[in-house]
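Read-outs: derived from the displayed coordinates by stated rules, not from any lab. All figures in this text were calculated on a predicted structure; none of them were measured in a lab.
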């Protein structure tokens, strides 16, 4: 049986925060997906397609009450929408920006020219090793 290392308090706290963060991501993504369903409802909260079967409370068949409420709240003007929609949007945008900043920076192919104007610097450059400059555009190896 492999030996298990006890978690430190900091590691346990970090694990709790990570689980809460994942739950917040899932809940926010769920709300954002339900907001997209607002296009299927009229401003009165009824389905746009009159042939859609509905439950007794007016929600389309197969929709949970939560999905119906989020879609219906999303149809309201922005000033009249409940606060959870604005909060979910801010959280979702925050996570999306975080993912975009995690992408690695592009590799830049640039030429750098350094001009040394003082005498001491020019002498130090003269004593430095000389390296061959490889022009990658003319390299026959590809």
>> From the Cα trace of the range 9-101, what convex hull volume per residue do you get, rounded to a whole Å³?
In response: 128
> Does anyone have the angle between helix 83-101 and the longest principal axis of the chain? Alpha-carbon axes, 0 to 90°, nearest 10?
Replying inline: 20
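Using helices alone, I'd like the mean residue ellipticity at 222 nm for the chain: each DSSP H run of four-plus residues gives -39500 (n - 2.57), total over residue count, nearest 500. The partial results should precede the final answer.
On the way: 4 runs with 66 residues, N = 142.
Helix-only estimate at 222 nm: -15500 deg cm²/dmol.
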